[in-house]
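The values are calculated or read from the model by the stated rules, or taken from the named source; none is laboratory data. Because the structure is a prediction, the values reported are computed rather than measured. Don't worry about glycine lacking a Cβ; one is built from the backbone with ideal geometry, like all the others, and counts go over all protein chains shown.
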Amino acid sequence: MSGEQQVLERIERARRRQPRLRDEHITMAHGAGGKATRTLVEALFLDAFRNPLLAPLEDQAVFSVGGQRLALTTDAFVVSPLFFPGGCLGDLAVNGTVNDLAVGGARPLYLSAAFVLEEGFAVADLRRIADAMAAAARAAGVSIVTGDTKVVQRDKGDGCYVTTAGVGLVEHDVTLGAATVRPGDAVLVSGPIGDHGITILLARGDLDLAAELASDTAALWPLVAGLLDAVPGVRCLRDATRGGVATILNEVAAAAQVGVVVDEAAVPVRTEVRGACELLGLDPLYVACEGRLVTVVDAAAADAALAALAAHPLGRDAARIGTVEAGPAGLVLLRTRFGGTRIVDLLVGDPLPRIC
Amino acid sequence: MRFVDEFRDPARARAVAREIAALCAPGRQYKLMEVCGGHTHTIYKHGIEDYLPAAITLVHGPGCPVCVMPMGRVDDAIHIAAQPGVILACFGDMMRVPGSRGSFLDAKARGADIRMVYSPLDALKIARTHVDRRVVFMAIGFETTAPATALTVLRAAEEGLGNFSIFCNHVTILPAIKAILDSPDLRLDGFLGPGHVSTVIGCLPYGFIPRDFGKPLVVAGFEPLDVLHAVAMLLRQLAEGRCEVENQYGRAVPWEGNERAVAAITRVMELRPHFEWRGLGFIAHSALRVRGEFAAFDAERIFELPGVRVADPKACQCGEVLKGVLKPWECKVFGTACTPETPIGTCMVSSEGACAAYYNYGRFQRRRLLEPSPA
């Protein structure tokens with residue numbers, strides 16, 4: 001074996017080892033959805049709570065109770081600013097949890113809501129958030145049926161944090177999961193990506209940039225229900241939140257040990273989002289969405305799936321963005337618009353703007 | 001998108017790729033260094049290497065200003081950030097560069113007030129709105145970013161802002177290129193010159209490279225077609241036996257540079273006798289410091305800095321990798337002590353550094369990832 005091969009094999013062995021959490025403190029990278037988040041979740045939480053329902057690390061757990069298949073999920077919401085074009089913390093808190101149920105193939109039924117409020121927070125703002133939650137819940141067909149409130153001292157919180165949990169019912173006879181993906185499958189996305197992340201970045205006002213953009217926050221269940229009704233060959237559903245479409249496709253590639261090949265020219269990105277990303281040195285594939293479905297379907301069902309998505313207003317701009325291939329296993333590749341190829345890796349932490 | 005898509009046209013790329021292939025002499029291997037980190041980024045982002053014949057190797061140079069920052073300077077900056085009342089402002093890509101006890105991200109997690117800004121003027125804005133705090137801007141970059149830092153210091157002086165200063169880590173590109181050229185075991189055939197730096201310094205200062213070292217240099221832009229064009233121009237020089245400085249990036253780079261930008265730098269800053277580069281060691285006259293006249297805005301004079309030099313581990317061979325003498329996997333610590341999670345040298349710090357890229361993707365490098373589309 002050549003020296004080079006020996007070195008590469010050593011690296012491969014190191015990669016296959018369980019991730020170890022070396023950090024002594026939590027940094028912002030641990031919350032960004034990339035490699036640092038994965039290491040924290042696998043090495044600390046999964047290690048502590050290990051059980052068969054948690055182990056696949058899907059967005060929700062699906063289990064049977066009294067002959068019915070139920071889905072359970074929870075999500076914590078922190079955002080700055082609390083209000084932004086297209087929505088607010090309240091919309092995210094309902095839609096995010098509804099979507100985590102929907103991508104498990106579950107019709108969302110009931111939510112809980114827990115509020116951590118900072119001393120001094122304006123009641124008028126809290127009312128706006130609650131009203132937005134009520135409206136989003138009505139639109140998604142769910143009820144918020146239980147909750148909790150805590151107040152922390154001034155400067156110990158960021159105004160308002162919301163945690164929601166949700167229960168849903170799996171009615172379709174499907175087994176969804178990244179591990180069911182097969183070579184030849186088609187990768188679809190329900191609309192333009194990156195709207196939410198860039199909207200929030202601009203709404204913070206640090207950049208002196210402005211654009212006609214609004215968050216894409218929306219409840220995806222109607223879109224998912226339409227898709228599952230129309231197409232039997234759906235393998236996997238995800239909603240692209242932090243970490244963006246790139247992170248989801250990496251999860252799929254790793255779970256199914258397949259390669260995912262994305263065609264850059266086919267990925268829908270609004271001109272405003274692309275422009276902001278060019279200026280800031282960001283990649284739209286890693287920018288957060290809050291109402292975009294990524295789905296992998298049997299190639300034979302791809303056209304029907306695309307039509308089912310496009311039939312709903314939320315999926316009007318749905319597109320087929322890529323194909324699953326046998327290899328290289330565990331990798332996401334991008335055929336660039338320029339005609340080259342590159343690897344789309346998981347980021348370690350937040351995408352950081354670059355200057356050099 | 002206008003003014004961008006024109007420079008990313010696959011049909012034109014295929015035409016230039018054919019030209020490049022035709023310019024390669026049979027059996028000859030070419031090693032070309034792109035000096036600037038921005039070029040490395042473009043090469044990865046667009047998959048430019050898929051258009052190049054196997055005879056051409058692009059060597060990623062020292063032009064990533066955050067990657068070359070030595071640990072001791074990162075430690076000094078974190079020391080400043082830990083002083084009472086200090087807000088340290090820096091560019092985003094500085095956040096993850098490791099010092100001897102972690103990065104800015106780690107320091108922030110331990111309680112330091114470190115904020116990401118997009119321009120030194122944003123740091124000035126923070127100083128205006130936080131008059132009870134001491135705001136320090138971590139100034140980094142080559143001649144590209146130095147004018148903005150200089151103008152910010154001049155603005156702060158005009159406004160009499162007493163709570164603003166800069167921690168100056170600006171570096172200059174020419175001594176680094178010269179350090180690489182001085183190496184007796186150099187294996188490079190030519191350079192893609194740094195386009196952004198050249199908008200400031202122009203093309204004339206590169207004259208010594210063909211004259212004294214016999215290597216051609218083409219100043220290149222940052223769109224993928226720019227890079228391919230510049231490679232073709234280098235190969236044409238080599239094929240025709242010419243050796244000179246050429247400017248591919250004429251739409252942004254005037255031959256004589258930007259006098260006003262250079263004047264702003266010289267007004268506020270002066271050359272240091274020497275500065276340490278991660279991976280390359282001490283290089284004379286390779287960095288800038290704040291002139292005495294502006295001492296009130298110089299964090300190095302305001303704060304007592306530990307200034308402890310943290311040596312690159314002896315086993316680190318980044319210098320050899322940068323010069324194209326060693327392949328990443330031939331370095332003694334590659335993949336064992338030095339990994340992307342615990343980087344030792346500059347080539348592993350940035351995800352685009354030669355070693356980090358090889359660590360992540362090396363097993364795919366010897367064969368094309370997919371059937372190349374330009375075929």
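Summary of computed values
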quantity	calculated
Residue match in the stretch A:79-87 (condition: assigned to a helix (DSSP H, G or I), within 30 Å of A:Arg204 (Cβ to Cβ), touching a Lys or Arg at 6+ places or on another chain (Cβ under 9 Å) and away from chain B (no Cβ under 14 Å))	no
Per-region count, the stretch A:92-125, residues buried (at least 24 other Cβ atoms within 10 Å of the Cβ) and of a type in the set (Asp, Glu)	1
Members of the stretch A:175-209 that are away from chain B (no Cβ under 14 Å), surrounded by fewer than 24 Cβ atoms within 10 Å (Cβ to Cβ) and among the small types (Gly, Ala, Ser)	A:Gly177, A:Ala178, A:Ala179, A:Gly184, A:Ala186, A:Gly191, A:Ala203
All positions within the stretch A:27-54 that are more than 9 Å from chain B (Cβ to nearest Cβ) and of a type in the set (A, V, I, L, M)	A:Ala32, A:Ala36, A:Leu40, A:Val41, A:Ala43, A:Leu44, A:Leu46, A:Ala48, A:Leu53, A:Leu54
Scan of the stretch B:281-311 for residues that are among the aromatic types (Phe, Trp, Tyr) and surrounded by fewer than 15 Cβ atoms within 10 Å (Cβ to Cβ), ordered by number	B:Phe282
Condition met for A:Asp239 (more than 27 Å from A:Thr217 (Cβ to Cβ) and more than 13 Å from every other protein chain (Cβ to nearest Cβ))	no
B:Glu240 vs. criteria closer than 28 Å to A:Gly281 by Cα and surrounded by fewer than 14 Cβ atoms within 10 Å (Cβ to Cβ)	no
Members of the stretch B:312-325 that are surrounded by fewer than 22 Cβ atoms within 10 Å (Cβ to Cβ), part of a loop (DSSP other than H, G, I, E, B) and under 19 Å from the mean Cα position of the chain (by Cα)	B:Asp312
Among the residues listed as A:Glu4, A:Glu24, the single one being closer than 26 Å to B:Lys332 by Cα, without any contact (Cβ under 8 Å) to a residue 60 or more places away in the chain, of a type in the set (D, E, K, R) and within 14 Å of chain B (Cβ to nearest Cβ)	A:Glu4
Strands (runs of 3 or more DSSP E) contained entirely in the stretch B:69-186, each with at least 2 residues that are more than 23 Å from the chain's Cα centre (by Cα) and of a type in the set (A, V, I, L, M)	B:86-90
Search result, residues across the stretch B:220-250 that are more than 18 Å from B:Ile56 (Cα to Cα), touching a Ser or Thr at 6+ places or on another chain (Cβ under 8 Å) and not acidic (Asp, Glu)	B:Phe222, B:Asn247, B:Tyr249
Total residues in the stretch B:22-58, condition away from every other protein chain (no Cβ under 14 Å), assigned to a helix (DSSP H, G or I) and surrounded by 16 or more Cβ atoms within 10 Å (Cβ to Cβ)	1
Spans of strands (runs of 3 or more DSSP E) in the stretch A:295-356 with at least 2 residues modelled with pLDDT of 95 or more and within 14 Å of chain B (Cβ to nearest Cβ)	A:319-325
Selection count, the stretch A:144-172, where residues are within 21 Å of the chain's Cα centre (by Cα), within 30 Å of A:Gln68 (Cβ to Cβ) and not aliphatic (A, V, I, L, M)	4
Qualifying residue in the stretch B:152-163 (condition: touching a helix residue (DSSP H, G or I) at 6+ places or on another chain (Cβ under 9 Å), within 14 Å of another protein chain (Cβ to nearest Cβ) and either touching a residue at least 24 places away in the same chain (Cβ under 8 Å) or of a type in the set (A, V, I, L, M, F, W, C) (or both))	no
Residue within the stretch B:346-356 that is more than 7 Å from chain A (Cβ to nearest Cβ), assigned to a loop (DSSP other than H, G, I, E, B) and modelled with pLDDT of 75 or more present	yes
Top-ranked residue in the stretch B:4-21 [being at the interface with another protein chain (Cβ under 10 Å from one of its Cβ atoms) and not basic (Lys, Arg); ranked as surrounded by the most Cβ atoms within 10 Å (Cβ to Cβ)]	B:Ala13
Total residues in the stretch A:112-137, condition free of Cβ contacts under 8 Å to residues at least 60 places away in the same chain and either in contact with a Ser or Thr (Cβ under 9 Å, 6 or more places away or on another chain) or closer than 13 Å to A:Gly90 by Cα (or both)	18
A:Ser64 being farther than 22 Å from A:Leu176 by Cβ and either away from every other protein chain (no Cβ under 14 Å) or modelled with pLDDT of 85 or more (or both)	no
Residue count, the stretch B:99-112 (criterion: among the charged types (D, E, K, R) and surrounded by fewer than 17 Cβ atoms within 10 Å (Cβ to Cβ))	2
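Table: residues versus (1) β-branched (Val, Ile, Thr); (2) within 26 Å of A:Gly184 (Cα to Cα); (3) without any contact (Cβ under 8 Å) to a residue 24 or more places away in the chain.
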position: A:Val273; (1), (2), (3): yes, no, no
position: A:Leu279; (1), (2), (3): no, no, no
position: A:Ala288; (1), (2), (3): no, no, no
position: A:Arg292; (1), (2), (3): no, yes, no
position: A:Ala300; (1), (2), (3): no, yes, no
position: A:Ala307; (1), (2), (3): no, yes, no
position: A:Gly315; (1), (2), (3): no, yes, no
position: A:Ala318; (1), (2), (3): no, yes, no
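Matching residues to (1) within 18 Å of B:Glu34 (Cβ to Cβ); (2) surrounded by fewer than 17 Cβ atoms within 10 Å (Cβ to Cβ):
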site: B:Thr144; (1), (2): yes, no
site: B:Pro147; (1), (2): no, no
site: B:Glu158; (1), (2): no, yes
site: B:Asp185; (1), (2): no, yes
site: B:Cys203; (1), (2): yes, no
